[in-house]
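Read-outs throughout are calculated quantities, based only on the coordinates presented, and are distinct from any laboratory measurement. Computed from a prediction, not measured in an experiment: that's the story for all the values here. Cβ: placed from backbone, ideal geometry, glycine included. Neighbour counts: every protein chain shown.
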Amino acid sequence: MLLAHVVYATITGNNEELADIVAESLEKAGVQVKETEISQTDAADLKSSDILVVCAYTYDEGKMPEEGMDFYEDLQELDLKGKVYGVAGSGDKFYGEYYNTTVDHFDEAFQQTGATRGSANVKIDLEPYEEDVEKLAQFSKELVAQAS
Ligand SMILES: Cc1cc2nc3c(=O)[nH]c(=O)nc-3n(C[C@H](O)[C@H](O)[C@H](O)COP(=O)(O)O)c2cc1C
């Protein structure tokens, strides 16, 4: 059985909602899922899962979640070859060039670990609507297909 770890960073709940949607989609595909908040997550814990997902917000013109910096820094030091990862985020298009930049930073961090991107990054504008739920379900399916 495949194991997945979904990590989220949230202030107002949108990214937790993204994480819940991804977790539910993965579970539907028969994957066993662990979902944790970023400041409560030891990056090294990712080594015990096959599929790794981060859903995190962007603040103050391109700033990453402060409470996730330990996780972010430790993540880059890991060897995650053979693992499949995906990154999603809820931001706000109002912020233009800074829209969902945290998603790109986590993607780069995972690239450093040698893990394989199983699906394109998903950037969502504010709370997830029906079409976003679809996108996240597709994202989850692709991660499972890549890991299988
Ligand atoms: C002060 C402030 C600054 C923000 N800066 C950005 C930003 O630079 N880029 C972005 O995409 N979204 C930005 N946002 C929007 C949030 O990322 C967006 O509301 C997101 O859905 C919040 O996620 P959460 O509900 O998981 O906390 C900002 C929001 C606030 C209140």
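General remarks:
- Per-region count, the range 19-35, residues part of a loop (DSSP other than H, G, I, E, B) and either at positive phi or exposed (fewer than 15 other Cβ atoms within 10 Å of the Cβ) (or both): 1
- One residue stands out among those in the range 36-58 that are of a type in the set (S, T, N, Q) and surrounded by 15 or more Cβ atoms within 10 Å (Cβ to Cβ): the one that is nearest to Q111 (Cα to Cα), which is S49.
- Being assigned to a helix (DSSP H, G or I), within 14 Å of the ligand (Cβ to nearest atom) and over 14 Å from D50 (Cβ atoms) is a property that E108 lacks.
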